[in-house]
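Colleague: Can you keep this structure in mind? I'll have questions shortly.
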Amino acid sequence: MIEVRGNKLLSESDYLKYAKLNDLSIYNDLTLPAIKERFEKHPYLDNVDVEYAGNGLVKVFVTEKIIMAVIINNGEPYFITEKFQILPMLNDTKFVDLPVISNANVQNNFIALSYHEADDIVEAFKIIEAAKLSSIELSKKLSEIDLRNGSEIILSFSGIKPPVIFGKGDEAKKMVYLEIMMKGMLNGNNLVDNSDYIDLRFANEIFLGKAEETGLSE
């Protein structure tokens, strides 16, 4: 038997199937290094340790790559890791609370396992980290980071009706403002719901307005 430990993105059976170890009856002389090598080829895995536990049981301890977001490239979704590596989105992958990065200023199509550390993607990562540091709730509500091909960044949050014109820079401070605003919404402040957008580009202020006042071109 082979047991997989530490997996979150895929089930044990999915990892075993990828490694072609889901039917051990056809293998007679598998070694621990051979099992380790098969698992290490999986694009989701950062590290693999294998040990023999006795009585025919092999335990495989996997460390999965840390996924920062789903990123869209020419209409196709991919994962992007904390190290800016592009991963394919395999069937039956389990993931929750991942924001989507759209309209990155990338000239070419993504190739799986390649790296893309473009300036605007770095900015998106800073926004994701700032949301996590501000509050878990705010981080979970962050649903999309629209990089607008290098123009002013616009964010979307679940539970917040209007889009947020985030601009660039001061990520931590702006997230603190958003968290304060969310607390105001919980206390019955409905100014946000009656607005067409939220603008964070002004120093030390949150501006609520109508679409025709943004000055942004589509």
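Colleague: Go through segment 78-123 and give me each residue that's under 18 Å from Leu10 (Cα atoms) and acidic (Asp, Glu).
Modeller: Result: Asp92, Asp97.
Colleague: Filter segment 64-102 down to the residues that are within 22 Å of Val48 (Cβ to Cβ), among the β-branched types (Val, Ile, Thr) and at pLDDT below 95 and list them by number.
Modeller: Within segment 64-102, Thr93 is the sole residue that qualifies.
Colleague: Could you run through segment 101-114 and say how many residues are surrounded by 15 or more Cβ atoms within 10 Å (Cβ to Cβ) and farther than 29 Å from Leu16 by Cα?
Modeller: Going through segment 101-114 one residue at a time, the tally reaches 5.
Colleague: Against the condition of a type in the set (Lys, Arg) and within 30 Å of Glu152 (Cβ to Cβ), how does Lys83 come out, does it pass?
Modeller: yes
Colleague: Let me ask something additional. Scan Leu32, Leu9, Leu24 and give me the residue that is outside the structural domain of Gln85 (by TED's automatic domain parsing), in contact (Cβ under 8 Å) with a residue 12 or more places away in the chain and either buried (at least 18 other Cβ atoms within 10 Å of the Cβ) or out of contact with any strand residue (DSSP E or B) (no Cβ under 9 Å at 6 or more places or on another chain) (or both).
Modeller: Leu9
Colleague: Something else about it: Could you grab me the full set of residues in segment 54-82 that are within 12 Å of the chain's Cα centre (by Cα) and loosely packed, with under 15 Cβ neighbours inside 10 Å?
Modeller: Ile66, Pro77, Glu82
Colleague: Okay, next question. Looking at Val96, Val164, which one is crowded, with 16+ Cβ neighbours inside 10 Å and outside the structural domain of Asp46 (by TED's automatic domain parsing)?
Modeller: Val164
Colleague: Given the condition free of Cβ contacts under 8 Å to residues at least 60 places away in the same chain, over 19 Å from Lys168 (Cβ atoms), crowded, with 17+ Cβ neighbours inside 10 Å and not assigned by TED's automatic domain parsing to the domain that holds Pro43, answer yes or no: does some residue in segment 115-135 qualify?
Modeller: No: zero hits.
Colleague: So, one more: Condition (residue is more than 15 Å from Phe125 (Cα to Cα), of a type in the set (S, T, N, Q), more than 17 Å from the chain's Cα centre (by Cα) and not in a strand (DSSP E or B)) applied to segment 149-157: is it met by at least one residue?
Modeller: Looking for residues that are more than 15 Å from Phe125 (Cα to Cα), of a type in the set (S, T, N, Q), more than 17 Å from the chain's Cα centre (by Cα) and not in a strand (DSSP E or B), one finds at least one in segment 149-157, hence yes.
Colleague: Another question, then. Name the residue that is modelled with the highest pLDDT, counting only residues in segment 171-200 that are part of a loop (DSSP other than H, G, I, E, B) and crowded, with 16+ Cβ neighbours inside 10 Å.
Modeller: Among residues in segment 171-200 that are part of a loop (DSSP other than H, G, I, E, B) and crowded, with 16+ Cβ neighbours inside 10 Å, the one modelled with the highest pLDDT is Leu200.
Condition check ((1) under 23 Å from Val4 (Cα atoms); (2) in a strand (DSSP E or B)) across all residues:
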site: Ile35; (1), (2): yes, no
site: Asp49; (1), (2): yes, yes
site: Tyr52; (1), (2): yes, yes
site: Ala69; (1), (2): no, yes
site: Pro77; (1), (2): no, yes
site: Lys126; (1), (2): no, no
site: Glu129; (1), (2): no, no
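Colleague: Hey, another quick one. Yes or no: Ile111 closer than 14 Å to Tyr78 by Cα and of a type in the set (Val, Ile, Thr)?
Modeller: Yes; evaluated as a whole, the condition is true for this residue.
Colleague: Taking His42 as meeting all but one of (1) at pLDDT 95 or above; (2) loosely packed, with under 13 Cβ neighbours inside 10 Å, write down the number of the exception.
Modeller: (2)
Colleague: Pairs, please: C-beta under 6 Å, at least 6 apart or cross-chain, first residue assigned by TED's automatic domain parsing to the domain that holds Glu129 and in segment 64-78, second surrounded by fewer than 12 Cβ atoms within 10 Å (Cβ to Cβ)?
Modeller: Taking only residues 6 or more apart or on different chains, the pairs are Asn74/Asn109.
The values are calculated or read from the model by the stated rules, or taken from the named source; none is laboratory data. Worth saying up front: this structure is predicted, and the values here are computed from it rather than measured. Here Cβ is always computed from backbone atoms with ideal geometry, including for glycine, and neighbour counts include all displayed protein chains.
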